[in-house]
Amino acid sequence: MTFYRGNVVDLTDIREITADLPRSYEVLVRDRIKFRVGQIVYLAVAADEQTIGLGFPREERAAALAAEPDKFLPPRPSDERFQWIELNLAAVDYDELRELILDAWSLCVPKKVRREYLGD
């Protein structure tokens, strides 16, 4: 059972959500916290911990940016070719953050691992 500590999600929440994801691990790369499956980064925490970058379907990115510009931010130009989007942590609650992280993780793991973990 998760007990949410407040209104603003933070790195503690991110670590809690990712802690038991199969094949997921945390690394520090050039002073940035990143979460990977194998060598694939599915979540990267900004240095100020106010935003994160995460895996996101490229074909859905434009719609998300247009629909919720306070929540979603475009990736850096160098990351536009990837399935990636930036997220303002102040604009999401724990449950939505968890859903977005699980979706990003799901892009990286084999379907069998995803099915076993999510039970679908």
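Under the rule a/c < 1.5 gives rounded, and otherwise a/b versus b/c splits prolate from oblate, where does the chain land using the Cα gyration tensor? Write out the running numbers ahead of the final one.
Numbers: a/c = 1.28, a/b = 1.11, b/c = 1.15.
The shape class here is rounded.
Using a 1.4 Å probe on the protein chains only, how many percent of the accessible area of the chain belongs to carbon and sulfur? Could the numbers behind the result be given before it?
Details: 3640 of 7240 Å².
The C+S portion of the solvent-accessible surface of the chain is 50 percent.
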Label point 7 Å out from Arg115 along Cα-to-Cβ: which residues of the stretch 20-37 have amide N under 19 Å?
22-23
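The values are calculated or read from the model by the stated rules, or taken from the named source; none is laboratory data. Keep in mind the model is a prediction, meaning the values are calculated, not measured. Neighbour counts are summed over all protein chains in view; Cβ atoms, including those assigned to glycine, are modelled from backbone coordinates with ideal geometry. Heads up: the accessible areas ignore ligands, DNA and RNA and are worked out on the full protein's heavy atoms, side chains in. Shrake-Rupley method; radii C 1.70, N 1.55, O 1.52, S 1.80 Å.
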